[in-house]
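Chemist: Before I ask anything, let me first share the structure, which is written out below as structure tokens.
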Amino acid sequence: MARMQKKNLDSPDETRTFEKGKLELANLGEVTIGRATLEPGWSWEKCVKPLVKTDSCQAPHTQYIVSGRMKVVMDDGTEEEFRAGDALAVPPGHNAWVVGNEPVVAVDFTGFKDYAKK
């Protein structure tokens, strides 16, 4: 039988850092929920690609943007800008970067379990 669980991202189970960013992760059985803080100047291509060595991000993301603005461009050229208050679903095969001078804070429900592992 499943049991109720509670975690707080201010006391994460794991923190992963990379250039201009960090993830704070809460592991809830098979589900990992994460909070990303991405500083101005962060891009997947510059800051995460060197760790994972794929041509584009292969993680699926279901997120809520708490603050900041982020641009996402899919491998097929489709693009969208997300900002505070937006909920999004982005499939594998994309690049992303922070737009402007405000950090992006995003809560992710599907794509951070193995994201940016060194």
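None of the figures in this text is laboratory data; all of them are computed from the coordinates on show. These figures come from a predicted structure and were not determined experimentally. In this analysis, Cβ positions are derived from the backbone assuming ideal geometry, glycine residues included, and neighbour counts consider all displayed protein chains.
Chemist: Residue by residue through the stretch 15-41, note down the ones that are part of a strand (DSSP E or B), surrounded by fewer than 14 Cβ atoms within 10 Å (Cβ to Cβ) and not polar (S, T, N, Q).
Modeler: Listed by number, the residues that qualify are Leu28, Val31.
This table checks each residue for (1) under 12 Å from the mean Cα position of the chain (by Cα); (2) farther than 15 Å from Asn95 by Cβ.
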site	(1), (2)
Glu14	no, yes
Asn27	no, yes
Gly34	yes, yes
Thr37	yes, yes
Gly41	no, no
Val48	yes, no
Met74	no, no
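Chemist: Let me ask another. State the number of residues belonging to the stretch 53-83 that are free of Cβ contacts under 8 Å to residues at least 12 places away in the same chain and in a strand (DSSP E or B).
Modeler: 2
Chemist: In the stretch 61-104, how many residues are over 16 Å from Ala36 (Cβ atoms), surrounded by 14 or more Cβ atoms within 10 Å (Cβ to Cβ) and polar (S, T, N, Q)?
Modeler: Qualifying residue count, the stretch 61-104: 0.
Chemist: With respect to the numbered conditions (1) under 17 Å from Gly68 (Cβ atoms); (2) over 17 Å from the mean Cα position of the chain (by Cα), which one is the sole condition not fulfilled by Arg3?
Modeler: Among (1) under 17 Å from Gly68 (Cβ atoms); (2) over 17 Å from the mean Cα position of the chain (by Cα), Arg3 violates only (1).
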